[in-house]
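The values are calculated or read from the model by the stated rules, or taken from the named source; none is laboratory data. What you see is a predicted model, and the numbers here were worked out from it, not measured in a lab. Methodologically, a virtual Cβ is constructed for each residue, glycine included, from the backbone with ideal geometry; neighbour enumeration extends over all protein chains shown.
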Amino acid sequence: MNKILERSEVNKEDKWDVESIYDKIEKWQEDYTICQKMIEELETKKESFLKNSNNFKEFVILSDKTERILEKLCVYTNLKSSEDLANATYQELNGKANNLYQEYQEKTNFFVPLLLKEDAKKISNFLDQEEELEPYRHGIENILRYQGHSLSEEEERILAAFSNVLGAGSDAADFLMDADMRFGTIQDEEGKDVELTQNNYSIYIRSKNRKVREKAFQRMHEIYGSFKNTLTTTLKSTVDYCSTSARLNHFDSSLAMALYSNKIPTELYHNLIRVVNEHLPSLYHYFDIKKELLGVDEFHLYDGYVNTVEGICKKYPFEEGKKLVLNALSILGEEYTSILKTAFTDGWIDKYPNRGKSSGAYSSGMYDTKPFVLLNYTDEYDDVSTLAHELGHSMHSYFSNHNNEYTNANYPIFLAEIASTVNELLFSYYMEKTTQDEKEKQAILNERLDMFKGTIFRQTMFAEFELHIHEMTDKQEVLTAESLCTYYYDLNKKYFGPNVVVDDEIRYEWLRIPHFYRAFYVYQYATGLSIASSIVKNLLNKKEGFREKYLEFLKTGGKDYPLEILKIVDIDLTDTKVLEDALEMFEDTLQSFEKIKK
């Protein structure tokens, strides 16, 4: 599509069916008013909800119903806002919905602290006495696990009062990086002066012109380096907060506290780092091949992002992309594909760019709606891969929503990227197998290698850095800008190997990674791809009964802890085999790529 259409010009069949949630704003307003009253009622139950099992049941069920309507209100306004970010009506409604959700949280925030003060046996008896509470057992018992890791009500109140101050480091870093920092100008491929920004850096670091990507790399990191003391302080405040919270709440470490909610043993985190470190020689070989393809005497860090193979020039109109995705995912069986086909006929997908539409792609929806997929489809190979990926999210949500009570339908974040990555890998292997074009096959393999490099190796390097700064803080050792920059530089030397020139500016890269302000999150990217690789390996090998196990995994939702749910697909993350298998997939792909690289 060449012309950028106004939203009103987009064909109905190319839009998602958001009106299936609310066909009139008046109906949204009706639910909004109902929800306000439910929140007010919940607030009145603070003094009575723990008096007996019936009161407890009434509070829990009413809270569930309230949250369900709230989620519907928020999903609708978010989707409508994404259609056209300039539409003031839906921007206003979206703000109202978000404010109402915040009000709900504020007026019901007494629930968890009071529950944690209560005798666990009493709550267990409530669950046994009231049959309607059975779907809530897992969630409530998970809250009660924190009884040994909670503060007194007064201490919690004081900590909550200071929460905004204690979290200010992240906010300050966001404003500094997104609004205040300026990176000056560089020359583009045509020799014109252009402003370097956070947004266009990813374009220039991939430039075919080596001087352009070198200057972009140097300028970006030099500017960050000039703010190293400020950004060390902002991150230090966040890490200090985590460490202090862990100590006050009786956890052995910040890592143990971060993994506790999902019942993840700390050994899993350490195993990830150890296994990836053992397989670093395969990453070194990857960089050796990139160096050879680029034909450079020295391979620098800024050479790592440029595409060393010719991209896929073929265009894939949406109907062709749809056919390819359906064919690639047919390996998942009739039950999966019959539902998948409805995504293309029942208004799940918003296909093409239009003026004011949100960029990128995402999957959304909730328990009482169909899944929705936002695309900005422009007929490129990556768009087809993105379609497969986002439909993986949507199908996971569909199966989870249709096989669980509302309270157990949301699967944990730890599992959230698995189904989407399974679809992406299945599509990659299907295209590799079916293409007759060697250049296209080379590009497909190269893309898969980049996925593993960026998701397993790079995110594990981040995870290793993150572990270091939290362990130092837990030991009450001082974090300085110089020591952290030196550690990060040495970490890059380890991960990139002896044949890559590790440019000095890379010591400042950690300063610009926003995920470090969300403690121990990035490791889940690496474990997610590892799990998906194991699932795809078993699907491609047609392991007996495995397809049915995978569908059961999708249907399980969040009614158990992640490691227990993964056992459905024969995965034991306390064992390192899954990590080994994923890295073996990288190495096999690297061998295939090397055979046809020229």
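Structure values in brief
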{"quantity": "Filtered residues of the stretch 1-19 (kept if within 30 Å of residue 100 (Cα to Cα), modelled with pLDDT of 95 or more and exposed (fewer than 13 other Cβ atoms within 10 Å of the Cβ))", "calculated": "19"}
{"quantity": "Residues located in the stretch 465-480, provided they are charged (D, E, K, R) and crowded, with 22+ Cβ neighbours inside 10 Å", "calculated": "466"}
{"quantity": "Tally, over the stretch 196-224, of residues that are among the aliphatic types (A, V, I, L, M) and not in a helix (DSSP H, G or I)", "calculated": "2"}
{"quantity": "Evaluation of residue 59 against (1) part of a helix (DSSP H, G or I); (2) under 19 Å from residue 362 (Cα atoms) (one fails), failing number", "calculated": "(2)"}
{"quantity": "Residue that is buried (at least 24 other Cβ atoms within 10 Å of the Cβ), over 30 Å from residue 243 (Cα atoms) and not assigned by TED's automatic domain parsing to the domain that holds residue 268, where the choices are 360, 392, 356, 365", "calculated": "392"}
{"quantity": "Condition met for residue 118 (modelled with pLDDT under 95 and either among the hydrophobic types (A, V, I, L, M, F, W, C) or more than 30 Å from residue 509 (Cβ to Cβ) (or both))", "calculated": "yes"}
{"quantity": "Residue in the stretch 64-104 that is farthest from residue 366 (Cα to Cα), counting only those that are basic (Lys, Arg) and surrounded by fewer than 19 Cβ atoms within 10 Å (Cβ to Cβ)", "calculated": "96"}
{"quantity": "Sole exception among (1) among the aromatic types (Phe, Trp, Tyr); (2) part of a helix (DSSP H, G or I); (3) within 23 Å of the chain's Cα centre (by Cα) for residue 377, by number", "calculated": "(2)"}
{"quantity": "Some residue of the stretch 411-419 being assigned to a helix (DSSP H, G or I), surrounded by fewer than 21 Cβ atoms within 10 Å (Cβ to Cβ) and either in contact with a helix residue (DSSP H, G or I) (Cβ under 9 Å, 6 or more places away or on another chain) or hydrophobic (A, V, I, L, M, F, W, C) (or both)", "calculated": "yes"}
{"quantity": "Matching residues, the stretch 252-275, being part of a loop (DSSP other than H, G, I, E, B) and either crowded, with 20+ Cβ neighbours inside 10 Å or free of Cβ contacts under 8 Å to residues at least 60 places away in the same chain (or both)", "calculated": "252, 264"}
{"quantity": "Residue 466 being part of a helix (DSSP H, G or I), under 23 Å from the mean Cα position of the chain (by Cα) and over 16 Å from residue 533 (Cα atoms)", "calculated": "yes"}
{"quantity": "Test: residue in the stretch 151-163 that is among the acidic types (Asp, Glu), assigned by TED's automatic domain parsing to the domain that holds residue 475, surrounded by 14 or more Cβ atoms within 10 Å (Cβ to Cβ) and modelled with pLDDT under 95", "calculated": "no"}
{"quantity": "Selection status of residue 450, farther than 30 Å from residue 494 by Cβ and more than 16 Å from the chain's Cα centre (by Cα)", "calculated": "no"}
{"quantity": "The stretch 554-577, residues that are closer than 18 Å to residue 269 by Cα, surrounded by fewer than 20 Cβ atoms within 10 Å (Cβ to Cβ) and among the hydrophobic types (A, V, I, L, M, F, W, C)", "calculated": "563"}
{"quantity": "Count of the stretch 430-449 residues which are at pLDDT 95 or above and out of contact with any Phe, Trp or Tyr (no Cβ under 9 Å at 6 or more places or on another chain)", "calculated": "4"}
{"quantity": "Odd one out for residue 425 among (1) in contact (Cβ under 8 Å) with a residue 24 or more places away in the chain; (2) assigned by TED's automatic domain parsing to the domain that holds residue 537; (3) surrounded by fewer than 23 Cβ atoms within 10 Å (Cβ to Cβ)", "calculated": "(3)"}
{"quantity": "Residue match in the stretch 181-196 (condition: farther than 26 Å from residue 263 by Cα, assigned by TED's automatic domain parsing to the domain that holds residue 227, surrounded by fewer than 13 Cβ atoms within 10 Å (Cβ to Cβ) and in contact (Cβ under 8 Å) with a residue 24 or more places away in the chain)", "calculated": "yes"}
{"quantity": "Verdict on residue 551 being part of a helix (DSSP H, G or I) and crowded, with 21+ Cβ neighbours inside 10 Å", "calculated": "no"}
{"quantity": "Residue satisfying all of: in the stretch 1-39; touching a residue at least 40 places away in the same chain (Cβ under 8 Å) and charged (D, E, K, R); farthest from residue 316 (Cα to Cα) among these", "calculated": "31"}
{"quantity": "All positions within the stretch 326-346 that are outside any helix (DSSP H, G or I) and within 26 Å of the chain's Cα centre (by Cα)", "calculated": "343, 344"}
{"quantity": "Test: residue in the stretch 299-313 that is more than 28 Å from the chain's Cα centre (by Cα) and free of Cβ contacts under 8 Å to residues at least 60 places away in the same chain", "calculated": "yes"}
{"quantity": "Number of positions in the stretch 9-26 that are in a helix (DSSP H, G or I) and within 32 Å of the chain's Cα centre (by Cα)", "calculated": "7"}
{"quantity": "Selection within the stretch 300-348 - closer than 30 Å to residue 507 by Cα and not polar (S, T, N, Q)", "calculated": "300, 301, 302, 303, 304, 305, 306, 309"}
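A quick yes/no check of all residues on (1) farther than 25 Å from residue 491 by Cβ; (2) free of Cβ contacts under 8 Å to residues at least 12 places away in the same chain; (3) not assigned by TED's automatic domain parsing to the domain that holds residue 137; (4) not basic (Lys, Arg):
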{"position": "505", "(1), (2), (3), (4)": "no, no, yes, yes"}
{"position": "568", "(1), (2), (3), (4)": "yes, no, yes, yes"}
{"position": "575", "(1), (2), (3), (4)": "yes, yes, yes, yes"}
{"position": "588", "(1), (2), (3), (4)": "yes, yes, yes, yes"}
{"position": "591", "(1), (2), (3), (4)": "yes, yes, yes, yes"}
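Conditions (1) among the hydroxyl-bearing types (Ser, Thr, Tyr); (2) closer than 20 Å to residue 506 by Cβ, marked per residue:
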position: 189; (1), (2): no, no
position: 222; (1), (2): no, yes
position: 229; (1), (2): no, yes
position: 251; (1), (2): no, no
position: 257; (1), (2): no, no
position: 282; (1), (2): yes, no
